[in-house]
Amino acid sequence: DAYLQEAEISLQSVVDPYARADFFLSFARNPSSGSMEAELEEGYVTTTDLPANVELKAGKFRSRFGRLNTVHPHALPFIDIPNAFVNYLGDEGLNDAGLSVSWLVPNPLDFYQELTVEVTGGPNDNPSFSRIEADRFLYLAHLKNFWDLTDNATMELGLSGAGGPNPYDGTTTLGAVDLTYKWKPLQFNTYQSFVWQTEALLSHATIGGANDVDSWGMYTAMTYQIEKRYFLTGRFDYSNLPSDASVAERAVSATLGWYATEFQKIEIEGKRTTSNVAPDYSQAWLRWIFVIGAHGAHAY
């Protein structure tokens, strides 16, 4: 098949000395009908001058759960989303309306630490959580720990937890741990870099108010910069389903990306998926991403 997958308009500006606003309007392809449908992907206001290193965000936003959920798909080093994230968080991830409070912890030790607490209404269509109009919310917490190992290397450890009603007439508690190692030498940083990123999700779901299901999923990915504009990413996925721990889905994939500039890249990916409940299958994608106009830097 060949199609325009998504067109996104980014509107970002400072409101005044005390706040900034970010809006992302998405025109995405509906896989069922093939037509383009408009959606407000994110729209929120963020404070910039609160005391005690506190930041407040309100609106519709990607929740600070794990490492991948806050990243827009075009900024990932692979084309598809890891199986564990799709099986537990859906194609769109946790993206809800609510309130987020972040606190830069005054840590006496020599590393960066940030605590985020969020309360949202809950997603409308998600494998692990559901939106219930009865004064029930999705609660989430994330602790980010970041170290400068050397002048050339950094490491990040994230701990996440979320809890709320699920689509199975019960509740779900979902935890995640992510570990990211980055190497980028000062002397040859334009031509060499390496990133190793691993993330695991642990789920405890109550089905029908009586049956408990404990399941999990994970992925690990390595991205190596071959030369100035070429990046190679290999990834392994493993995942159960939030409602069925007996399902075991595995996948291996490889992605080659040509990054012309920060405004344009072309990627090709091949993937093989195996399962104990469905036939094995292979997939391949070719993606061309381009950006026009100024845009803010992605989170490190």
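Looking at this structure, is Y281 open to solvent by 50 Å² or more (accessible area, probe 1.4 Å) and either more than 18 Å from A84 (Cα to Cα) or within 20 Å of the chain's Cα centre (by Cα) (or both)? Give the derivation first.
Details: open to solvent by 50 Å² or more (accessible area, probe 1.4 Å): yes; either more than 18 Å from A84 (Cα to Cα) or within 20 Å of the chain's Cα centre (by Cα) (or both): no.
No.
I'd like to verify a number: residues in segment 170-216 that are in a loop (DSSP other than H, G, I, E, B) and either touching a helix residue (DSSP H, G or I) at 6+ places or on another chain (Cβ under 8 Å) or of a type outside the set (S, T, N, Q) (or both), how many?
The total comes to 9.
Here are some residues: E42, E37. Which one is within 23 Å of T120 (Cβ to Cβ) and crowded, with 16+ Cβ neighbours inside 10 Å?
Going through E42, E37 in turn, the sole match is E42.
Any chance you could count how many residues in segment 247-263 are out of contact with any Lys or Arg (no Cβ under 7 Å at 6 or more places or on another chain) and either among the β-branched types (V, I, T) or at pLDDT 95 or above (or both)? Lay out the reasoning, then the answer.
From segment 247-263, those out of contact with any Lys or Arg (no Cβ under 7 Å at 6 or more places or on another chain) are 247-250, 254-256, 261-263; that's our starting set.
Okay, now just the ones that are also either among the β-branched types (V, I, T) or at pLDDT 95 or above (or both), so 247-250, 254-256, 261.
Residues that pass the stated criteria total 8.
Tell me, please, whether a residue that is under 18 Å from the mean Cα position of the chain (by Cα) and under 30 Å from Y168 (Cβ atoms) can be found in segment 191-199.
Yes, segment 191-199 contains at least one residue that is under 18 Å from the mean Cα position of the chain (by Cα) and under 30 Å from Y168 (Cβ atoms).
Filter segment 225-242 for residues that are in a loop (DSSP other than H, G, I, E, B) and either open to solvent by 80 Å² or more (accessible area, probe 1.4 Å) or touching a Cys at 6+ places or on another chain (Cβ under 7 Å) (or both) and give the result.
I226, E227, K228, R229
The rows are residues; the columns are (1) closer than 25 Å to D16 by Cα; (2) open to solvent by 20 Å² or more (accessible area, probe 1.4 Å); (3) over 11 Å from the mean Cα position of the chain (by Cα).
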position: T48; (1), (2), (3): yes, yes, yes
position: P51; (1), (2), (3): yes, yes, yes
position: E55; (1), (2), (3): yes, yes, yes
position: K60; (1), (2), (3): yes, yes, yes
position: L68; (1), (2), (3): no, no, no
position: V71; (1), (2), (3): no, yes, no
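Looking at segment 46-73 only, could you name the residues that are touching a Lys or Arg at 6+ places or on another chain (Cβ under 7 Å) and either assigned to a strand (DSSP E or B) or not polar (S, T, N, Q) (or both)? Give the derivation first.
Kept after step one, since they are touching a Lys or Arg at 6+ places or on another chain (Cβ under 7 Å), are these residues of segment 46-73: 46, 48, 69-70.
Scanning segment 46-73 gives a single hit, T46.
Can you list residue pairs whose Cβ atoms sit under 6 Å apart, with the first residue in segment 227-245 being without any contact (Cβ under 8 Å) to a residue 40 or more places away in the chain and the second being open to solvent by less than 40 Å² (accessible area, probe 1.4 Å)? Count only pairs 6 or more apart in sequence or on different chains.
F236/T220; A245/V213; A245/S215
Considering only segment 76-92, state which residues are aliphatic (A, V, I, L, M) and either assigned to a loop (DSSP other than H, G, I, E, B) or more than 10 Å from the chain's Cα centre (by Cα) (or both). Lay out the reasoning, then the answer.
Just the residues of segment 76-92 that are aliphatic (A, V, I, L, M), to begin with: 76, 79, 81, 84, 86, 89.
Answer for segment 76-92, where residues must be aliphatic (A, V, I, L, M) and either assigned to a loop (DSSP other than H, G, I, E, B) or more than 10 Å from the chain's Cα centre (by Cα) (or both): L76, I79, I81, A84, V86.
Only residues that are assigned to a loop (DSSP other than H, G, I, E, B), charged (D, E, K, R) and surrounded by 15 or more Cβ atoms within 10 Å (Cβ to Cβ): list them for segment 97-142, please.
R131
Working carefully through the options V54, V15, V45, find the one that is in contact (Cβ under 8 Å) with a residue 24 or more places away in the chain, farther than 27 Å from Q113 by Cβ, in contact with a strand residue (DSSP E or B) (Cβ under 7 Å, 6 or more places away or on another chain) and of a type outside the set (D, E).
Sole residue among the options that is in contact (Cβ under 8 Å) with a residue 24 or more places away in the chain, farther than 27 Å from Q113 by Cβ, in contact with a strand residue (DSSP E or B) (Cβ under 7 Å, 6 or more places away or on another chain) and of a type outside the set (D, E): V15.
List every residue pair whose Cβ atoms lie under 6 Å apart, where the two residues are 6 or more positions apart in sequence or sit on different chains, the first residue falls within segment 186-199 and is free of Cβ contacts under 8 Å to residues at least 40 places away in the same chain and closer than 27 Å to G66 by Cβ, and the second residue, located anywhere, is open to solvent by 70 Å² or more (accessible area, probe 1.4 Å) and of a type in the set (D, E, K, R).
S193/K184
Which residue, of T255, T274, is open to solvent by less than 60 Å² (accessible area, probe 1.4 Å), of a type in the set (S, T, N, Q) and in contact (Cβ under 8 Å) with a residue 60 or more places away in the chain?
Result: T255 is the single residue among T255, T274 that is open to solvent by less than 60 Å² (accessible area, probe 1.4 Å), of a type in the set (S, T, N, Q) and in contact (Cβ under 8 Å) with a residue 60 or more places away in the chain.
Check segment 192-203 and report whether any residue there is at pLDDT 95 or above and open to solvent by 60 Å² or more (accessible area, probe 1.4 Å).
yes
The values are calculated or read from the model by the stated rules, or taken from the named source; none is laboratory data. Remember, predicted model here, so these are calculated numbers, not experimental data. Note: ideal-geometry Cβ built from the backbone for every residue, glycine included; neighbour counts use all protein chains shown. Just so you know, the surface numbers come from the protein's heavy atoms only, side chains and all, with ligands and any DNA or RNA stripped out. Shrake-Rupley method; radii C 1.70, N 1.55, O 1.52, S 1.80 Å.
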